[in-house]
1. Got a sec? Which strands (runs of 3 or more DSSP E) wholly within the stretch 1-111 have at least 1 residues that are modelled with pLDDT of 95 or more and closer than 14 Å to residue 279 by Cα?
2. Between a first residue in the stretch 62-90 that is within 15 Å of residue 294 (Cβ to Cβ) and a second residue that is among the hydroxyl-bearing types (Ser, Thr, Tyr) and surrounded by fewer than 21 Cβ atoms within 10 Å (Cβ to Cβ), which pairs have beta carbons less than 6 Å apart while being 6 or more apart in sequence or on different chains?
3. I'd like the full set of residues that are acidic (Asp, Glu) and in contact with a Pro (Cβ under 9 Å, 6 or more places away or on another chain), limited to the stretch 35-87.
4. Could you check, for the stretch 47-56, whether at least one of its residues is among the hydroxyl-bearing types (Ser, Thr, Tyr) and either open to solvent by 30 Å² or more (accessible area, probe 1.4 Å) or in contact with a helix residue (DSSP H, G or I) (Cβ under 7 Å, 6 or more places away or on another chain) (or both)?
5. Determine the pairs where a residue that is more than 19 Å from residue 474 (Cβ to Cβ), located within the stretch 437-459, has a partner that is of a type in the set (Phe, Trp, Tyr) with Cβ atoms under 7 Å apart, the partner being 6 or more residues away or on another chain.
6. Residue pairs, Cβ under 8 Å, 6 or more apart or interchain, first in the stretch 109-124 and closer than 19 Å to residue 89 by Cβ, second assigned to a loop (DSSP other than H, G, I, E, B) and of a type outside the set (Gly, Ala, Ser). List them.
7. I'm trying to understand the selection: among the residues of the stretch 422-454, which are more than 30 Å from the chain's Cα centre (by Cα) and not in a helix (DSSP H, G or I)?
8. What is the one condition in (1) within 26 Å of residue 402 (Cα to Cα); (2) assigned to a loop (DSSP other than H, G, I, E, B); (3) at pLDDT below 95; (4) not charged (D, E, K, R) that residue 419 does not satisfy?
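The values are calculated or read from the model by the stated rules, or taken from the named source; none is laboratory data. Keep in mind the model is a prediction, meaning the values are calculated, not measured. Reconstructed Cβ throughout: ideal geometry from the backbone, glycine too, with neighbour counts over all protein chains shown. To get the accessible areas, we keep the full protein, side chains included, count just its heavy atoms, and leave off ligands, DNA and RNA. Shrake-Rupley method; radii C 1.70, N 1.55, O 1.52, S 1.80 Å.
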Amino acid sequence: MAEAAGHAGSPGPGVDPAGEGAELAAVIGATVPTGFELMAAEEVQEKLGSASRISRDRGKIYFEVPAQSLPQVHRLRSVDNLFVVVQEFKDYEFKETKEDALKDLEDLVKELPWTDPLRVWELNNSLKKKKTKRKKHNLQSTVRKEKLNSDGEEKEADQKDIKKEDCPQDTAGVEPADGQDTEKTPEVASQNEEEEDNNEQSDAKDELQAGAGTETKAGDSRMSDGEVKVLKFRVTCNRAGGKHSFTSNEAARDFGGAVQEHFQWKADMTNFDVEVLLNIHNNEVVVGIALTEESLHRRNITHFGPTTLRSTLAYGMLRLCDPQPTDIIIDPMCGTGAIPIEGATEWPSCYHIAGDNNPQAVKRAANNICSLLKKNENKESSASPGIPLDIIQWDICNLPLRTGSVDIIVSDMPFGKRIGSKKKNWDLYPACLMEMGRICTPGTGRAVLLTQDKKCFAKALSRLGHIWRRAQTVWVNVGGLHAAVYLLKRTWERAEEKRSFW
């Protein structure tokens, strides 16, 4: 990957915002965990009603939505980063020599249809600013309410509030805050979410209508006093395939130089307003403009461990096992809690239990749950109804759960690199699968397990084929490691309490 910008030149063209305003459509590109492209496409169809196309370059999907749907696009659970597509070339012909190939990329900048994608980028920026202002307003309202309450209450009530707000540092269990008078029902919580959706959609419509009546240059951003601000930018090139005569750095440098000449933007590699993306995969070239500054997979975790799982990958694993209302879902090796927190957020009608044998991991997970509860309180500007999730310190090989009491098991198993060892996995994996088989409901139970130690897992699974049947394997990339996600179905066979494996 390379990032670069070029030299100054003649002024670029302007954006003509006149036209169909609210009917502005955007082709969105989304990066997703490799292997879960189909899952992401299903989510887009389900939540946005748009069909997706999966890229030949793994880990990317493309779909078209009305620009006013951008707030819902940002709430997708399976995508890491978003960008609006300027143009896509499925069979781009690169010249043989480096100079000619790079010259073609420079010339391409003038021919690209920048107008609508830049309007989408401007709309996305203004929505982010409005959302930030709304969050600050809600937080200030909450603080004012707390001050008013504290003025008329006695010290005893104040102490109760403090206890309710403090995060549990040493306890293994995390439960919703006490107090029936402040507790919110799921119906009220969902109503708040609908109101937030409506607010953001109306903001998008307002911005589109406002944009339809103003003349703005593509390289300009209007400041509050009417003064024109020159945008800062960078170009990021992602290149895959060995048949190119140029490097990623060279492509980003020359393409960036042409972008700067075209728009008269100022190059800045760190403090930039616009990030132009140049994605090259063999003969497929996609030019886009980034819509996310920070990856969306960081949404849940504030206390990280040595092997914290991406929330987007956790969502894909949970979706793979198709949770149904009232299902009991456990993660017996939860680490920092990425899987159960994602599950409790997206499937609140299920009951989630998380556990780990490491007390430090349990503490981190408890703190992450507490951070989520506080975030929900600020978001709703009142007391949170809590989340259907408990966390316990336990031994994976001797779980304090009844036989056949669990519907779904979803877990990121130790790879044997940063935690444990490959040697220990030869004893751990079969013992885990046997205990998971004991607690999982025969016939209907299922498990989704992630591991990079595929050889050890395959051997353990072959020994326990009488209680677990492999239904699907998804190959994924986890921090550069080639790993696998296994969907297992529980057979009707009774799991033995103790068994010699090898």
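1. Values: elements: 2-4, 25-31, 52-54, 60-66, 81-89.
By residue number, 25-31, 60-66, 81-89.
2. Listed by first residue and then by second, the contacts come to 80/295; 81/292; 81/295; 82/292.
3. Of the residues in the stretch 35-87, the ones acidic (Asp, Glu) are 37, 42-43, 46, 57, 64, 80.
Scanning the stretch 35-87 gives a single hit, 80.
4. First pass over the stretch 47-56, keeping only residues among the hydroxyl-bearing types (Ser, Thr, Tyr): 50, 52, 55.
Subset that is either open to solvent by 30 Å² or more (accessible area, probe 1.4 Å) or in contact with a helix residue (DSSP H, G or I) (Cβ under 7 Å, 6 or more places away or on another chain) (or both): 50, 52.
Yes, that holds for at least one residue.
5. So the pair list comes out as 437/468; 442/492; 443/492.
6. That search, which allows pairs on different chains as well, returns 114/13; 115/16; 116/24.
7. Answer for the stretch 422-454, where residues must be more than 30 Å from the chain's Cα centre (by Cα) and not in a helix (DSSP H, G or I): 441, 442, 443.
8. Every listed condition holds for residue 419 apart from (1).
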